[in-house]
Amino acid sequence: HIEKALKCFKSVPVDSVIHTASLIPFLGVPDEAIWTVNVDGTKNVLNVCAALGVRSFIYTSSATSVLDLRTRVSKNLTEDCPPPNQHVDTYATTKFAAERLVADANQPNRMVTCILRPAAIFGRGDKVVADRAILGLDLVYLGDGSARIDWVPVEAVARAHVLAEEALSSDEKRRQRMQGAAYFIGNNEERQYGWYV
């Protein structure tokens with residue numbers, strides 16, 4: 001597939017890539033498939049971008065990538081928080097592994113990278129949470145459902161990607177500040193987990 005991608009984009013100049021593709025456990029796919037898409041797929045996209053001379057690469061990760069299974073506390077997480085001792089699930093493990101690939105691919109004079117970690121995304125076109133509710137399927141969560149999370153509108157997530165691309169494509173000072181770094185995307189408004197449905 002890498003050769004096909006290289007051939008496809010050889011005649012089209014590509015300056016920036018926003019990599020949002022991933023598999024999530026809600027889809028009922030095996031853990032191996034999640035790893036193949038989320039980690040190996042990211043590695044393939046990075047290799048194609050490097051071969052094409054792409055100047056900026058934005059990776060969509062997840063706030064769960066740094067959530068620790070034992071504490072499950074996301075309050076007051078910062079971009080400087082250490083990696084968890086044990087991730088909450090396969091998805092979080094793969095997103096964190098892909099983050100490391102993206103951070104390692106950062107090369108100041110070639111391709112600069114950044115990582116965006118959105119919280120729980122909601123909005124028009126939702127094919128996970130809303131579809132489960134429409135089909136009468138339960139929203140799976142631990143505990144009594146009183147846990148609070150930061151639901152972020154899909155429009156805010158899209159805007160964050162645009163702002164990241166603009167920063168990575170701008171003057172050298174802004175590029176240096178952002179490159180290889182991870183940023184949380186939230187709405188600064190915690191709601192109960194089941195609020196959206």
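The values are calculated or read from the model by the stated rules, or taken from the named source; none is laboratory data. If you're wondering where the values come from, they're calculated on a predicted model, not measured in any experiment. Cβ sites come from the backbone with ideal geometry, for glycine too, and all protein chains shown count toward neighbours.
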Exercise for review: Scan segment 165-184 for residues that are free of Cβ contacts under 8 Å to residues at least 40 places away in the same chain and over 15 Å from Asn106 (Cβ atoms) and jot them down.
Suggested key: Glu166, Ser170, Asp171, Lys173
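Residues that are more than 16 Å from Thr60 (Cα to Cα), basic (Lys, Arg) and at pLDDT below 85, at least 1 per element: which helices (runs of 4 or more DSSP H) completely within segment 81-197 meet that? If you could, list the steps in order and put the result at the bottom.
Working: elements: 90-105, 129-134, 154-168, 172-178.
Because the criterion is at least 1 residues that are more than 16 Å from Thr60 (Cα to Cα), basic (Lys, Arg) and at pLDDT below 85, the helices (runs of 4 or more DSSP H) in segment 81-197 that meet it are 129-134, 172-178.
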Practice item. Take segment 46-55 and flag every residue that is under 16 Å from Asp104 (Cβ atoms) and either under 14 Å from the mean Cα position of the chain (by Cα) or not aliphatic (A, V, I, L, M) (or both). Key: Asn47, Cys49
Revision key, fill the gap. Given the conditions (1) within 17 Å of the chain's Cα centre (by Cα); (2) within 23 Å of Pro84 (Cβ to Cβ), every one holds for Glu32 apart from (1)
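Quick check on my filter: what residues within segment 28-45 are touching a residue at least 12 places away in the same chain (Cβ under 8 Å) and out of contact with any strand residue (DSSP E or B) (no Cβ under 7 Å at 6 or more places or on another chain)?
Our first condition is that a residue be touching a residue at least 12 places away in the same chain (Cβ under 8 Å); within segment 28-45, this holds for 31, 34-35, 37-39, 41-45.
The answer is Asp31, Ile34, Trp35, Val37, Asn38, Val39, Gly41, Lys43, Asn44.
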Check your understanding: If you check Leu6, Leu27, which single one turns out to be modelled with pLDDT under 80 and within 17 Å of Met111 (Cβ to Cβ)?
Key -> Leu6
Review point. How many of the residues in segment 173-190 are touching a Phe, Trp or Tyr at 6+ places or on another chain (Cβ under 8 Å) and closer than 10 Å to Pro118 by Cα?
Key: 1
